[in-house]
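The structure under discussion appears below in the form of structure tokens.
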Amino acid sequence: MDLSAINPVLLVASIMISATPILLAAIGEMVVEKSGVLNLGVEGMMITGAVIGFIVAINTGAPLLGFATAAIAGAVLSLAFGVLTQIFLSNQVATGLGLTLVGLGLSSLLGKPYEGQKTVTLPKLDIPILSDLPVVGRMLFSHDIMVYLSLGIVVAVWAFLKHTRAGLILRAVGESHESAHALGYKVIRVRMLAIMFGGACAGLGGAYLSLVRVPQWTEGMTAGAGWIALAIVVFASWRAGRVLVGAYLFGGITVLQLNLQAAGLTWGVQYLSMSPYLITILVLVFISSNRSRSSHDAPANLGQTFHATR
Amino acid sequence: MIRLEKRPQPSKAWTVATPILAVILTMIFGGIMFGLIGTSPVEAIRTIFWDPLFHPQFSGFSRPQLLVKAGPLILIAIGLSIGFRAGIWNIGAEGQYIMGAICGAGAGLALYPMESALILPLMVVAGALGGWAWAMIPALLKVKFGTNEILVSLMLVYVAENILASVSSGLLRNPEGMGFPGSRNLSQWSSSQNLELIPNTGMHLGVLAAFIAVILAYVLLTRHIQGYNIRLTGEAPRAAKFSGVSPARTVLFCLGLAGVLAGMAGLFEVTGPAGQISIDFGSGYGFTAIIVAFLGRLHPVGILLAGLLMALTYIGGELAQLMLGVPGASIQLFQGMLLFFLLGVDVLTNYRVRFGAAEVA
């Protein structure tokens, strides 16, 4: 094994790339959960975003248009979840699982003709001065626009939840839908908007996988990324800043194991490939073992159905 | 103005009617979907739901397949449904199914080429234990640390798939297989083969086990205190706690049972229809079983019927691929739609739809 083959500058740069899809999906899901809704369909929305983004980008030659359509597709799919759970009052866990199954089926149906094709990917931005800095320039300032957009979304979500009135209402709906309803806030409407935001973010994350990270369409290509995003929300104890840390840590693990494989680590490639999932479990155990803390952090009405009786 | 009014008790009539309504809705919207991808809707629906059973040419082959596919689905769904009733969301049955198959096949292959009538029973036990052990990981973590069982059981599916890839090209690889990945063929070794009990019916030991599981689950849920405790935990967790039901024991029981049944399903599959451990052994039964459990209203008899129906869509889907050139993934979407419609119309079971303005109390 030759560890010197791993270039630290490229390593950090590729961590940012591999963390972006999960970061986007996780920050969206965090907003959904803050409003008191547990949407387990992240995987389904991500993969639908991945396939729609890919199809649009390959047919129009415009990757950004692909991203936009992927966000819309994710939002539309999440709207189905919203209608079922908020209006038809179905069980959120079951509906989320259903959304994942629908998304996986839909994506492989749509993506079949596009398997193995190549698409145009996003160009790396060339930021004056910053990109030319030694080491740091290539590490942090030579990425495509989506990497910076994802960071921007994290900051925006943080500011929205912490410093705006609308953010306060969203949190109130998640903590106690009965009280929020009594105060005259539209619980269902707030939750629907949050669900659609989450869907759009998951769609963007999926499109980043198929348009930048891989960049190809293969069936089932998200390979659990949506579920890992859900785990990261728990890991982050529903805080935007920690979602960022969690996603980048996870991206780091993924890239590191890929690099170790490439550097010629011969024993058990499969054991390296399963490491991200095992580490996710370990992190979940670590977070939840501190029980007094984690139970306070979760929105109090998370996953509960709201039915206005008055 | 349309309002929903919560029923004091779930409606019995709608409990039975909603799955049927959901199937009809799925046929309508599925037909539209097939129309959109350029297949005649009527023909597609007929090929999926009617031809596997009654087509003069194909039904002879596809009818036995019904039980072959329904067996593992029912067996896994029964285990899942008991957990779902208690509010324990094990969605990693696919991993438990794979690990059951690996452990059972491993136990058998360790004794190859010995011949004994005891080998298959030993393999069944090893398979059940393998699935059980894999399900105990989320169960123990939940009991000990309060870790979310949904995420852990699902992460373990990916781990199990990697283990499957590893053993089928390593530990369990057929030494006479000329370097190809995949284990020895267990369905051709007389000590491990799980043959049809009645020729040309598809009825193998796994299907028999599924039928027994249906009966035992029915007895458990309606006649046994443990079943009552499980239902109580799901419907009123606080009441269950006050009446002395230990939440930890319920978690261990429900996940353990689901693991045992999924592990057995994997073992019966690997010794029968699949024949060997190979990289593509995991076929998604563990996920489809979630749909089966809900479609069957988490009731053993309902699951039996739902399992048969879902098996029909599998076989019909293959037939439609063959005859109409419908993409295989459309069947997956079709099954997902079925779950969606079921969850949607379920509102009628628990709520009454009222028209007109709200009355003043």
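Near B:A240: Cβ cut-off under 13 Å, other residues only, Lys/Arg at +1 and Asp/Glu at -1. The net charge is +4.
Can you pull the mean other chain C-beta count within 10 Å for peptide B:138-151?
Numbers: counts 1, 0, 0, 6, 2, 0, 3, 9, 9, 11, 7, 0, 8, 10.
Per-residue shielding by partner chains comes out at 5.
Sorted from greatest to least, the principal axis extents spanned by the alpha carbons of segment B:38-326 come out as 59, 50, 36 Å. Ranking B:S166, B:I279, B:G87 by how far each Cα lies toward the positive end of the dipole of segment B:38-326 (charges on Cβ) leaves B:G87 at the top.
Mind checking the dipole of segment B:38-326: about its Cα centre, +1 per Lys or Arg Cβ, -1 per Asp or Glu Cβ, Debye to the nearest 20? Please list the in-between numbers first.
Working: 14 positive and 12 negative charges, 210 e Å.
Using Cβ point charges on Lys, Arg, Asp and Glu, segment B:38-326 gives about 1020 debye.
Counted by Cβ distance under 14 Å from B:G95, the other residues give a net charge of -3, where Lys and Arg count +1 and Asp and Glu count -1.
A simple count of charges around B:P10, restricted to other residues whose Cβ falls under 12 Å of its Cβ and scoring Lys, Arg +1 and Asp, Glu -1, yields +3. Taking amide H atoms as placed 1.01 Å from N in the peptide plane, the amide H of B:M203 lies under 5 Å from those of B:L197, B:I198, each 5 or more residues away in sequence or on another chain.
What does the charge dipole of the protein assembly as shown about its Cα centre add up to, to the nearest 20 debye, if the Cβ of each Lys and Arg holds +1 and the Cβ of each Asp and Glu holds -1?
About 2060 debye.
Note on segment B:106-188: with charges restricted to the Cβ of Lys and Arg (+1) and Asp and Glu (-1), its dipole about the Cα centre is near 180 debye.
Which entries of A:K34/B:K241; B:K144/B:K241; B:K6/B:K241; B:K142/B:K241 show an alpha-carbon separation above 19 angstrom in the structure shown? It would help to have the intermediate numbers written out before the result.
On the way: A:K34/B:K241 28 Å; B:K144/B:K241 17 Å; B:K6/B:K241 26 Å; B:K142/B:K241 17 Å.
Violating the 19 Å limit, Cα to Cα: A:K34/B:K241; B:K6/B:K241.
In square nanometres, what is the average projected area of the Cα convex hull of the protein assembly as shown? Write down the numbers at each step before the final one.
On the way: hull surface 130.3 nm².
Computed as one quarter of the Cα hull surface, the answer is 32.6 nm².
Values quoted throughout were computed directly from the atomic coordinates according to the rules given, and no laboratory measurement underlies them. These numbers were taken from a predicted model, which means no experiment stands behind them. All Cβ positions, glycine included, derive from the backbone under ideal geometry; neighbour counts span all protein chains shown.
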